[in-house]
1. Using only the alpha-carbon atoms, how far is helix 327-338 inclined from the longest principal axis of the chain? Give it as 0 to 90 degrees, nearest 10.
2. Determine the per residue accessible area of segment 28-164 with all protein chains present and a 1.4 angstrom probe, expressed in square angstrom.
3. Kindly flag which residue pairs out of LYS243/LYS299; LYS182/LYS233; LYS13/LYS182; LYS233/LYS298; LYS127/LYS233; LYS90/LYS250 have an alpha-carbon separation exceeding 29 Å in this structure.
4. How charged is the neighbourhood of GLY342? Take every other residue with its Cβ under 10 Å from the Cβ of GLY342, and add Lys/Arg as +1 and Asp/Glu as -1.
5. Given only helices, namely DSSP H runs of n ≥ 4 each adding -39500 (n - 2.57), what is the per-residue ellipticity at 222 nm of the chain, to the nearest 500 deg cm²/dmol?
6. How large is ³J(HN,Hα) for each residue in segment 149-166, as worked out from phi by the Karplus curve 6.51 cos²θ - 1.76 cosθ + 1.60 (θ = phi - 60°), to whole Hz, x for Gly and Pro?
7. Could you tell me what percent of the accessible area of the chain is made up of carbon and sulfur, with a 1.4 Å probe and every protein chain present?
8. State, to one decimal in nm, how far the label point of THR302 lies from the label point of GLU15, with both points 7 Å from Cα in the Cβ direction.
Amino acid sequence: MSIKNDLFLRALKGETVERPPVWMMRQAGRYLPEFMALKDKYDFFTRCETPELASEITVQPIRRYGMDAAILFSDILVIPQAMNIDVEMKPNFGPYLPNPIRSQKDLDRVIVPDIQDSLGYVMEAIKMTKEKLNDEIPLIGFAGSPWTILCYCVQGQGSKNFDKAKELCFTQPVVAHALLQKITDTTIAYLKAKVAAGVNAVQVFDSWGGMLSPTDYQEFSWQYIQQIIDALKDEIPVIAFGKGCWFALKDMSTSGASALGVDWTCSPQNARYLSGGKITLQGNFDPSRLLSPPAEIKKMVTQMINEFGKDRYIANLGHGILPNIPLENAKAFVDAVKEYKG
């Protein structure tokens, strides 16, 4: 079956389009009242692990706003869960990992799991979502980068600087690299299973890549993302998104990824220059700017598209949408892209 609205897939291929495609990171989520209604009834991992709920949450924003792509509702931390690392989602706190990995002994209990056995529920959610989408638009699957997953596994929770994660890398590099490789092997198997289940593209989120210096980024993050791209690029388009990683755009642009995500701290002109001007870019509207009045949002979105150029471009935010964004402001963002006349 071909996808009826294939604008997103065409932009990933670098084809000429009438307007850029649009979707928003974290679009399936907590700024929507219909999502909050389910959140009140079911805890976080129940929503991730119940295919009916995950697929419903995935299509909620599509029904409301008509984005050009859906992204499966899930979480990057289902990977450590499957690897025998406990993960809890604490209300008003965020992820909490009670037994962080800080030594070889801790690492010994970490497994590379059987994906169907431990994460089969994600594949079921993909199949259910594909039925609901009915080939109208593409579905994106995702995973966290190995470095970003390591940050949580070692720190045990969110952090402003992930000092314990860095400490492990710099004092016990053998343990850190072994953990990164286990995460990488699991992630490749996981994303390949998602492709088999029917996703049309995948995105790797390196949310904490910008915590590392350019040299350390190559050693502890990028080389593992490159392994993931190498394993998947012949099967499916891969989007690589490193928050705060403008310094790596040149390496990323020759990686075989189909597109690169850009955050709001890097101007469209710089992003095009640093990435060599030939690869599709995605981004980079500041999520907090969705708090501006709708008319202003529309103006800024049009300017953003003009600066990136309508081709080889996917309109998106520079990171995930915030929970306190008014519904009409999210609509203004999507509509501005759909109404774009270049």
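1. The two axes meet at around 70 degrees.
2. I get 41 Å² per residue for this part.
3. Result: LYS13/LYS182; LYS233/LYS298; LYS90/LYS250 exceed 29 Å.
4. For residues surrounding GLY342, the net value is +1.
5. -14000 deg cm²/dmol
6. Karplus values, whole Hz, x for Gly and Pro: 5, 4, 3, 6, 5, 8, 5, x, 5, x, 7, 7, 9, 6, 4, 5, 5, 5.
7. 50 percent
8. Rounded to a tenth, the inter-label distance reads 2.8 nm.
The values are calculated or read from the model by the stated rules, or taken from the named source; none is laboratory data. Fair warning: this is a prediction, and the values are worked out from it, not measured in the lab. For neighbour counting, all protein chains shown are included, and Cβ atoms are generated from backbone atoms with ideal geometry for every residue, glycine included. Surface accessibility is based on the protein's heavy atoms, side chains included, excluding ligands, DNA and RNA. Shrake-Rupley method; radii C 1.70, N 1.55, O 1.52, S 1.80 Å.
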